[in-house]
Amino acid sequence: MKRKMENEFWTLLFQPQIFKRGYAYYRENRVIAFNEQENEIQSIVDGSHPYLIKIHLKNNFPEACYCSCPYAESGKPCKHLVAVLLYWEHFAENNKIADEILSQASDNQTRFFLHKLLFNNPMLQEIFQDFLDDKLLM
Ligand SMILES: [Zn+2]
């Protein structure tokens with residue numbers, strides 16, 4: 001995957017402060033849903049509210065971006081877009097790591113671990129319920 005090196009210059013679209021905050025959002029796992037189809041990314045980032053992000057890609061570069069947050073409404077690129085673009089850049093690599101770890105686990109171990117994660121975590125419970133109800137793009 002050369003995507004990362006090829007696209008590093010997208011970071012220049014953002015004010016340094018916004019990029020820093022978006023990076024923190026990415027690290028804090030605030031990208032709670034992500035779907036890439038054809039040249040379109042749809043995502044949900046959990047900020048002060050869950051925000052919907054749409055990114056249109058052209059030649060593997062973000063061409064048009066949308067976020068439902070108030071900051072982006074004024075036409076400025078926001079931290080939620082940064083978080084989604086970082087998620088997108090690391091997607092293949094992280095997918096591979098997750099697949100490798102999961103391939104070592106039995107179904108029982110997977111259920112046990114998921115139970116531990118869901119226990120006492122209302123946000124994850126809600127996300128998982130949405131996933132089961134097919135309301136979440138993943
Ligand atoms: Zn936003």
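The values are calculated or read from the model by the stated rules, or taken from the named source; none is laboratory data. All values reported here derive from a predicted model rather than from experimental measurement. So basically every Cβ, Gly included, is an ideal-geometry build from the backbone, and we count neighbours across all protein chains shown.
Assorted remarks:
- Of all residues making up segment 95-116, the number that are among the aliphatic types (A, V, I, L, M) and either under 21 Å from Q37 (Cα atoms) or surrounded by 12 or more Cβ atoms within 10 Å (Cβ to Cβ) (or both): 3
- Subset of segment 71-83 that is small (G, A, S) and within 11 Å of the ligand (Cβ to nearest atom) - its residue that is surrounded by the fewest Cβ atoms within 10 Å (Cβ to Cβ): S74
- Residue identified as touching a residue at least 12 places away in the same chain (Cβ under 8 Å) and surrounded by fewer than 18 Cβ atoms within 10 Å (Cβ to Cβ) among S68, S48: S68
- L124 passes every criterion in (1) modelled with pLDDT under 95; (2) loosely packed, with under 14 Cβ neighbours inside 10 Å apart from (2).
- Of all residues in segment 87-109, none satisfies being among the aromatic types (F, W, Y) and without any contact (Cβ under 8 Å) to a residue 40 or more places away in the chain.
- Residue tally, condition among the polar types (S, T, N, Q) and more than 15 Å from the ligand (Cβ to nearest atom), over segment 22-61: 6
- Segment 91-138: number of residues that are closer than 23 Å to V45 by Cβ and of a type in the set (V, I, T): 2
- Some residue of segment 87-102 being within 16 Å of the ligand (Cβ to nearest atom) and closer than 18 Å to I18 by Cβ: yes
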